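Following: one structure in structure tokens, then a few remarks.
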Amino acid sequence: MPRRPAYFAFLRTSATRWDGVAFVIVIGVIAFLGEVSRGLFVPLEHLRVAPISLSPSVLPEYAARTTLRMLVALVLSLIFTLTYATWAAKSARAARLLVPLLDILQSVPILGFLSVTVVFFMSLAPGRVLGAEFAAIFAIFTSQAWNMAFSFYQSLRTVPVELTEAARSFRLSPWMRFWRLEVPFAWPALVWNMMMSMSGGWFFVVVAESISVGHTTVVLPGIGSYIALAIDQRNLRAIGWAIGAMFVVILLYDQLLFRPLVAWADRFRVEQEPGERTPTSWVHTMLRRSRIARLFVVVFRRLVWNTRTTIAPAQALPVALPGTPRRRDQLGTLVLWLVVIAALVPIGRTLFLQTTRAELLDVLALGGITAIRVVVLIALASVLWVPIGVWVGMRPRWVRIVQPVAQFFAAFPANLLFPVFVVVIVRWHLHPDIWLSPLMILGTQWYILFNVIAGASAIPAELRNVSRNFGLTGTLWWRKVALPAVFPYYLTGAITASGGAWNAAIVAEVASWGPTHIEAHGLGAWIANATDRGDFHQIVLGIATMSVMVVLINRFFWRRLYAFAEQRYRLD
């Protein structure tokens, strides 16, 4: 039998096969970005000439546009997290303002952000679709960033002391300590929260792509606007096609982005049990074995991000001038306060000069009703998902099964369930105040599950072995091992879920199915109706009331639990 040429043997090598796969994926991504970005600079009038279609043939294009918006928003959220959360964790003085400000930001509903920013973003590209795209991406960003920031802040606050001492012994600079110690330590939990943030973006994608504030209406091509039109026309077939498209996109995100990130983040876990099966991903394997990917990493490190470092002798270490960090800290805090005061002046003028006493009492009563719903729903979700999250997190095989399933259900927009809820409530004459409430927790309960899974996965092996050697089982094991270990992670999920439930109230307390419209009493319905009317005064009043309530709850309840967890349940 004649021997094949040598180049056939070269093509059979593993590295070459993975190079081919990597090349095809890179070219595909470039083509995808080029195809989607072509519509960014067309005139805005083009959206009115070519309205949204419910034909299944347009769903691939709509899914691509929605995917790109969410990916850009996720990158912006990651940049925001690495800067804002780090500043809050490193500076106690700045944290006094940054953490409450983060509480306020997560409590502001997406429609609240759009109401005051849509004109600004549209003015960045007058008459072009690009301005509307900016507004949609910003709306999705507001549904993703706060959860990731809280997770990273919690991780930086709970870095084990021995790791910090090791970095100090190696004399790493603050910059190198951040990238070599703190980011790797926080990365596993951050990846899980990135998944949840992406799902949160899906939950609000209908609002982000169908922008309607007063007399300003912009409908961008995407799955969200497709769902909004299907609900308006009561087209169950189109809703089924939208669910299928969402499932495909979420599956691609899981395979191409999140599963490789989970596999890569596994290397940063503090402890692993001997023989434990680590997460795998074919994309992660491709990137490790592909010579093209390795070449890109080498070039990137040398030209852009040179992470090489040497241990400097003691006498060569730079000495900071006394008082310099403190002065910088004070200057940064002063700038923040000036920005806050400048923003509060027009808001205060709008509220105090136009709000009557009856109107204020009305909005406070509605806020109290929504607060009761949030408390009850968070309690029920905690009772359900904490035990399940601990059980799944202790079993890596089940993590790989639960992860994509939970991602899909977390991304399921509440709007898709409007037909079921509206028909059942109208047919059986049920009270909307009770039966619309589950829609509030539909997308936010998963923050608790994802964070508890991340916390259970991070329980050190020696802690598990010690509990096993002492024979801790049943209730005693839960009280002494499981719950203390996952408590800091649970608080991160519960705080974000609470803020997300307040945000979801604006979608859940008002439900429509074609001409049938039902609504519950609550602050979310108040803001939704004010937004439809374009009543800026009532929008600001509703947002301010919601923000104050969320901040007070976080300050007097969640933050005290947070401080207790930092001191009592650190794994040092």
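Considering LEU54, LEU76, LEU98, the condition of being outside any helix (DSSP H, G or I) and either at pLDDT 80 or above or surrounded by 19 or more Cβ atoms within 10 Å (Cβ to Cβ) (or both) is satisfied by LEU54 alone. One residue stands out among those in segment 127-172 that are without any contact (Cβ under 8 Å) to a residue 60 or more places away in the chain and crowded, with 24+ Cβ neighbours inside 10 Å: the one that is nearest to the chain's Cα centre (by Cα), which is THR142.
Taking the conditions (1) surrounded by fewer than 20 Cβ atoms within 10 Å (Cβ to Cβ); (2) at pLDDT 85 or above; (3) assigned to a helix (DSSP H, G or I) in turn, VAL548 satisfies each one other than (2). Please indicate, with yes or no, whether at least one residue in segment 179-196 is within 18 Å of ILE79 (Cα to Cα), out of contact with any Gly (no Cβ under 9 Å at 6 or more places or on another chain) and at pLDDT below 80. Within segment 179-196, one or more residues are within 18 Å of ILE79 (Cα to Cα), out of contact with any Gly (no Cβ under 9 Å at 6 or more places or on another chain) and at pLDDT below 80. A residue that is touching a Ser or Thr at 6+ places or on another chain (Cβ under 9 Å) and crowded, with 24+ Cβ neighbours inside 10 Å can be found somewhere in segment 178-186. When SER123, SER143 are checked against the criterion of being in contact with a Phe, Trp or Tyr (Cβ under 9 Å, 6 or more places away or on another chain) and small (Gly, Ala, Ser), SER143 stands alone in meeting it.
If you go through segment 552-564 and pick out every residue that is under 29 Å from ILE369 (Cβ atoms), surrounded by fewer than 17 Cβ atoms within 10 Å (Cβ to Cβ) and aliphatic (A, V, I, L, M), you end up with 2.
Yes/no per residue for (1) among the hydrophobic types (A, V, I, L, M, F, W, C); (2) buried (at least 20 other Cβ atoms within 10 Å of the Cβ); (3) in contact (Cβ under 8 Å) with a residue 12 or more places away in the chain:
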{"position": "LEU472", "(1), (2), (3)": "yes, no, no"}
{"position": "THR475", "(1), (2), (3)": "no, no, no"}
{"position": "ALA482", "(1), (2), (3)": "yes, yes, yes"}
{"position": "GLY493", "(1), (2), (3)": "no, yes, yes"}
{"position": "THR496", "(1), (2), (3)": "no, yes, yes"}
{"position": "GLU566", "(1), (2), (3)": "no, no, yes"}
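Summed over segment 541-564, residues that are within 19 Å of GLN154 (Cβ to Cβ) and of a type in the set (S, T, N, Q) total 1.
All of VAL375, VAL383, VAL405 fail the test of being surrounded by fewer than 16 Cβ atoms within 10 Å (Cβ to Cβ), under 26 Å from PHE247 (Cα atoms), without any contact (Cβ under 8 Å) to a residue 24 or more places away in the chain and out of contact with any strand residue (DSSP E or B) (no Cβ under 7 Å at 6 or more places or on another chain), apart from VAL405. Residues that are at pLDDT below 80 and in contact with a Lys or Arg (Cβ under 8 Å, 6 or more places away or on another chain) are absent from segment 462-470.
Return yes when THR545 is in contact with a Phe, Trp or Tyr (Cβ under 7 Å, 6 or more places away or on another chain), under 26 Å from THR142 (Cβ atoms) and not hydrophobic (A, V, I, L, M, F, W, C) and no when it is not. No.
The values are calculated or read from the model by the stated rules, or taken from the named source; none is laboratory data. Remember, it's a predicted structure, so these values are computed and weren't measured experimentally. Cβ sites come from the backbone with ideal geometry, for glycine too, and all protein chains shown count toward neighbours.
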